[in-house]
Every structure is written in C-alpha cells, then in structure tokens.
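Beneath this line is the structure, given in structure tokens, with notes to follow.
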Amino acid sequence: MADKQTEDSKMEVDVADETVAPTDKTDTEQTEGKTMFRLREALDKTVSKCLEKTSRYNLYAHNYKFAHRSKPKLLKSTIRQLNENLKASVKDEFDQMITEENIVSLCNKLDTVVDETPISENPTPAWRPSGSPDKDLCKHIMLAKLKEKDRLEKELEELEKSSVKIQEAFNARKKHLLESQKNVKERVKRWSEATNILQDSQAIEMQRTMCQMTDLTK
C-alpha cells in the first residue's frame, strides 16, 4: 500500500511539473484600443467554447475506464492540466499572429477612422446578421431579382412592340387581300352579267332569224 501511495504521489508530482501556466502576452509597444479589446474578448470566448467539451470528465472516464476506476483524482488533475496547456498554447498562437500581422495597429487605425467619422443626424442602422442565412441573403438576392425583373420587363415590352408591328403588318396584308378578293368577285360578276346578256342577245337574234326563214318558206 505504501508503495502504491508513493507511485501515486510521484505521478501527481510529474503531472504538476508539466503544468504550463497561461502566459499573458500583451502588446507593450502600443496601447490597445476598443476594437482590439473586443477582438481579444471574442477570441477568448471562442477558445473557451471550443475547449468546453475537452474538459468534460465523463468523456475521459468513458475512454479511460482503467484510470477512472483506479485513480479518478489523478485523471481529473490530468484533464485540468491538459486544458490549461491547450488554452495557453492557443493564446500564444493568437498573440504571435497578432504581432506578426500587426493587428493592434490596424485595429487602432480602425478606431481612429470611426472616431473621426462625422455622425449623421439621421443615422441608418448598420446591417447585422440575424442568424438566419435565408433572411440575411434575402435583401441581396432581392436586388439581383429586381434587376432581372427590370431586364425581363424591358424584353417583354420590346416583344410586345414587335408583336404589335407584326399584327399591324398582318392586318394591312389581310385588308389588301380582302380588297383584291372583292375586286375579283366584282369582275367575275360583271363578266357573268356580260356573258348572260350576250347569250340572251344571241338567242333573240337566232329566234328572229328562224322566224324570218319560216316566213319565207310560206
């Protein structure tokens, strides 16, 4: 029993020795403004949210049942140290990125631009995402759809004008054909009347001739 307690204490000491305290690196060269403060705050919240699942004891207890049964305190201590090391490592990466990309200076310039921008008497509320992609994209999609609607309306108007011209040309052609048909019918009628008159006159003339020949024979 004494040997086991000695082993446990040694393991706990080893884990404690591996603990890395979170470093607090700040930009000493220039003061951080409001935007940089909000950025750091957002990054801290993001890291905490992402590492939230990794700090759940039940997750490790399920996967490391032997440690959960034999040395739960040591497992809890290890989990705590693991999360602290992860947070410190991620924070170091963020600090390095902020330094290399000169984020502090850029954020301070943004604060200066915002402070120097005159405030309108009737400011228009800035657009903010609502959390629903369909609603957020609605206005942008609507602009594209309105442009497409205008284009289609112009095309429809041009097609309607073209259709009216075609209809007018068709009506004019139809009117011309009807007039030609009427003229042809009138001519045919006159020719028929003239033919009938000629036939009647020939018949009368023939009848007279027959009568004369009959008189002569007598």
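The values are calculated or read from the model by the stated rules, or taken from the named source; none is laboratory data. Keep in mind it's a predicted model, so treat the numbers as computed, not measured. Methodologically, a virtual Cβ is constructed for each residue, glycine included, from the backbone with ideal geometry; neighbour enumeration extends over all protein chains shown. Side chains included, ligands, DNA and RNA excluded: accessible areas come from the protein's heavy atoms. Shrake-Rupley method; radii C 1.70, N 1.55, O 1.52, S 1.80 Å.
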Gap separating the Cα centres of the stretch 135-199 and the stretch 34-113, nearest whole Å: 76 Å
- prompt: For K73, which lysines qualify as cross-link partners when the Cα separation must be under 24 Å and same-chain residues fewer than eight apart are set aside?
  reply: K4, K10, K53, K65, K87
query: What nm value, rounded to one decimal, do you get for the distance between Q167 and L74 when each label is placed 7 Å out toward the C-beta?
result: 9.4 nm
statement: Simple spin-label estimate for D111/T46, 7 Å along Cα→Cβ, in nm, reads 2.0 nm
field: Cα-based equivalent ellipsoid of the stretch 63-218: semi-axis lengths in Å, sorted from largest, via gyration tensor
entry: 111, 29, 12
field: Out-of-range pairs (alpha-carbon distance over 32 Å; input K71/K91; K135/K161; K49/K109; K109/K147; K49/K135)
entry: K135/K161; K109/K147
statement: Length gained if E84 through T99 is fully extended, taking 0.36 nm per residue and subtracting the Cα-Cα distance, is 3.2 nm
task: First compute the accessible area of the stretch 33-147 with a 1.4 Å probe, then give the percent of it belonging to carbon and sulfur atoms.
output: 60 percent
